[in-house]
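Below you'll find the structure, written out as structure tokens, and then a few comments.
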Amino acid sequence: MGMISEFKDFIAKGNAMDLAVGVIIGASFGAIVNSLVSDVITPALLNPALKAAQVEDLAGLKTDGGILYGKFLAAVISFLVIAFVIFIMIKGINSMKKKEEPAPAAPAGPTQEQLLAEIRDLLKK
């Protein structure tokens, strides 16, 4: 029974839940970026360039040895898009952190010795 309890505690920890949410969102984000590259960037930007180079299909780009460098190029573009979006997100988060100014520190009160000295002086009077 102890192992089940420990497993429950592990799953309930914030870090495990945050990681699970991050993985799920990351997978969804990956699908969005893949669609952006294959459905938007490739037809709008790469296909005109490929037609100018007399190559019709990006994924079909390969050498005589069978190396599919077209798929590699698509993966590099996906990586660059993801890296740029993450850069923009981090830049925005950092600028939001800079705008948040820390609350002014509470004025330091008298020390215990100072209070005791004041009490002593008052008792003398």
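Within the set of pairs 6+ apart or on separate chains, which have a first residue in segment 70-92 that is without any contact (Cβ under 8 Å) to a residue 40 or more places away in the chain, a second that is among the aliphatic types (A, V, I, L, M) and in a helix (DSSP H, G or I), and C-beta atoms under 8 Å apart?
Filtered contacts from segment 70-92: Ala74/Val37.
State the number of residues belonging to segment 12-26 that are open to solvent by 70 Å² or more (accessible area, probe 1.4 Å) and of a type outside the set (D, E, K, R). Spell out how you get there, then give the answer.
Initially, segment 12-26 is screened for residues open to solvent by 70 Å² or more (accessible area, probe 1.4 Å), giving 12-13, 15, 17-19, 21, 23-25.
Imposing the further condition that a residue be of a type outside the set (D, E, K, R) reduces the set to 12, 15, 17, 19, 21, 23-25.
Within segment 12-26, residues that are open to solvent by 70 Å² or more (accessible area, probe 1.4 Å) and of a type outside the set (D, E, K, R) number 8.
Does Gly70 satisfy the criteria of being modelled with pLDDT of 65 or more and assigned to a loop (DSSP other than H, G, I, E, B)?
Values: modelled with pLDDT of 65 or more: yes; assigned to a loop (DSSP other than H, G, I, E, B): no.
Judged against the criteria, Gly70 is not a match.
The values are calculated or read from the model by the stated rules, or taken from the named source; none is laboratory data. From a predicted model like this one, the values you see are computed outputs, not experimental measurements. In this analysis, Cβ positions are derived from the backbone assuming ideal geometry, glycine residues included, and neighbour counts consider all displayed protein chains. The protein model used for the area step is the full one, side chains on, heavy atoms only, and it has no ligands, DNA or RNA in it. Shrake-Rupley method; radii C 1.70, N 1.55, O 1.52, S 1.80 Å.
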